[in-house]
Structure formats: structure tokens, C-alpha cells
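Below: one structure, written as C-alpha cells.
The values are calculated or read from the model by the stated rules, or taken from the named source; none is laboratory data. These figures come from a predicted structure and were not determined experimentally. For neighbour counting, all protein chains shown are included, and Cβ atoms are generated from backbone atoms with ideal geometry for every residue, glycine included. Note: accessible area is taken over every heavy atom of the protein model, side chains too, but ligands, DNA and RNA are not part of it. Shrake-Rupley method; radii C 1.70, N 1.55, O 1.52, S 1.80 Å.
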Amino acid sequence: MLIKRKITVAVTGANGYIGRQVVKYLLERNCEVICIDVSFSDLPYGAKIVNANILDCNEKMYEELGEPEVVIHLAWRKGFIHTAPEHMLDVSKHFSFIRNMLISGLKNLTVMGTMHEVGYFEGCINENTPCNPLSQYGIAKHALQTSLSEMINREYNDVSFKWLRGFYIQGNDEFSSSIFSKILMAESNGQALFPFNSGKNKYDFISVEEIAKQIAESALQTKIDGIINCCSGNPISLADKVEKFIKDRNLNIRLDFGKFPDRAYDSPLIYGNNEKISKILSNCRRTEL
């Protein structure tokens, strides 16, 4: 379904693994898309390119972008390296960027979070699940979410603020740093066996195309806000998912189970409650914006 009136959407981290798919989907939804990043490659035709580092505080950026109606904040350094110090070092810079957007008049904000904010938890995550993050990545994302929520509730309660929690993303694996990309690299290097953990843990997997759709549709609407899980709601064991990936790709490599221990902060079963995102997707199919 196309949007009749063009809505201007600014996307930070637009050249990233998820960002490129979000931009593609927004263009298909007839949005005017402003792509913000420090480098660009293979972005879809039709988007406006802005080469800028959002971590460099620029109080006038909202005006310089043409005062977009929607901002989707995906930019984040070292997202696949959970122990990197950059996560906490950058938190205040992300806060400053978003605060400047709000001060300048932004009313519709979406920020990308992660299920790693929750930390060790067994079962279904919802928006009220207590958080005890156990990695620098999760700690930093949780700190940003709590600080933004406090500020917006206190000073900007007319802003539609969506905090989206991503789960385990698959697709375009040549361009990610996931287990799937590592398997492809090992296959290309001629490895017969891929060292693996137990593979027993069950996770909520979602394709990069589907999460891009969920991010975009969450951002475009203003009826449902707060913490929203971008997920399938369906837990699958890591072993089953990877074995299927190998089979579907017709790869020769095989998994060598038990070579690595499961990470201490990974839960045996963790998945997202998808009620809110299901409502958003259902509404977008019924309603022309």
C-alpha cells in the first residue's frame, strides 16, 4: 500500500546492514527518504544522501535536513561486537543528537534498541520485562532507552517515541557479521567443519527484510508507541536454524558441535512478544496514511 502524501523520513545509519533495507522499504512506501551516514554504497535510487556523523554534535542538523517529519535512528558503532568500549563511550553523543532533534521540533521519533538490553532471561520478552543487561552493547542501549524515555516523558510528552527491540536477524548474510556470514566465509575458504557451540538455545529469528518493514511501519504510525519488539514471536533452536541455512544454500560445510561454550549471557529460550508489532502491521494494511 502506497502513502498518498509523501512523508519525509530521515534515517541515520542508512548505509548499514539494516539501514539499506529500511531505506528501500520506505521508498517503496512512497516516502521522501533522507539517508544520513558517514559512507555510502548500494543505496536504492531516489533517496537523498547526507554525509554526516551524527556523533559530532550539530545543534542545527534538524533544520539542515529540512525538518523531516519522522526520524529513524539506526546509527550505532560496533553493533556486532558486544564487548566494544565504543558502546558506552558513544551513549551521551546519541542522547545529544536525539535531544537536538526534539528541541528543534521533531514530533515522531523511532530509535533502534536490542533484546540484549534484557540480559539473561528465559521465556517471552514483553515491554515490561525487567532489564539486567550483561554486555557493553546491551548496557549502552538500555542506558539510552531509559534516559530518552525519562526526558521525553518529562519534557516532550507530545512526541511519538518508539523504541524498537531487534532480535536475531538473518538475510543478506554476505554483508553482516552474524554466524551465517561466518559460515559462508568458512565455506569459501574450503573448511569442512565449522566450530560451533551446543546449538540447543532457542532464539527469535527474523529476516532483515521483515525487520526493515517492521521498523518502517512502526515509525510511520503514531498510535502505538513505547517499547516495541521487532520479532517473529516464534523461537527456533540455533542448530535447526543454521542446519536449514546450510541445506538451503547447498553448502558442503558441517557443524562441529561443542567446540565453543554457550555464552554466559545467552538464554536457553528467549523470544519476543509480537502483539504490538502485529497490530501495527495489521493497521498499515487497512489504513492509507
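For region 184-271, which fully contained strands (runs of 3 or more DSSP E) count at least 2 residues that are surrounded by fewer than 20 Cβ atoms within 10 Å (Cβ to Cβ), in contact (Cβ under 8 Å) with a residue 24 or more places away in the chain and β-branched (Val, Ile, Thr)? Don't jump to the end; show me each part of the working.
On the way: elements: 193-195, 202-207, 226-230, 235-237, 254-256.
By residue number, no strands (runs of 3 or more DSSP E) qualify.
Restricted to region 98-114, and to residues that are open to solvent by less than 10 Å² (accessible area, probe 1.4 Å) and either outside any loop (DSSP other than H, G, I, E, B) or among the β-branched types (Val, Ile, Thr) (or both), which residue is nearest to residue 267 (Cα to Cα)? So that I can check it myself, show each step before the final result.
We begin by selecting, within region 98-114, every residue open to solvent by less than 10 Å² (accessible area, probe 1.4 Å); these are 98, 101-102, 106, 109-111, 113-114.
Remaining after also requiring either outside any loop (DSSP other than H, G, I, E, B) or among the β-branched types (Val, Ile, Thr) (or both): 98, 101-102, 109-111, 113-114.
Working: 98: 32, 101: 36, 102: 36, 109: 30, 110: 27, 111: 25, 113: 18, 114: 15 Å.
Only one residue tops the list, namely 114.
For the structure I just gave you, tell me whether residue 169 is within 16 Å of the chain's Cα centre (by Cα), open to solvent by 50 Å² or more (accessible area, probe 1.4 Å) and in contact (Cβ under 8 Å) with a residue 40 or more places away in the chain.
In short, no.
Give, as residue ranges, the strands (runs of 3 or more DSSP E) completely inside region 1-67 that count at least 1 residues that are in contact with a strand residue (DSSP E or B) (Cβ under 9 Å, 6 or more places away or on another chain) and closer than 21 Å to residue 221 by Cβ. Step through it out loud before you land on a result.
Values: elements: 8-12, 32-37, 48-51.
So the answer is 8-12, 32-37.
Of all residues in region 75-96, count the ones that are touching a Ser or Thr at 6+ places or on another chain (Cβ under 8 Å) and under 15 Å from residue 53 (Cβ atoms).
Residues that pass the stated criteria total 1.
Please verify whether residue 50 is open to solvent by less than 60 Å² (accessible area, probe 1.4 Å) and over 28 Å from residue 263 (Cβ atoms), treating the condition exactly as stated.
On the way: open to solvent by less than 60 Å² (accessible area, probe 1.4 Å): yes; over 28 Å from residue 263 (Cβ atoms): yes.
Answer is yes for this residue.
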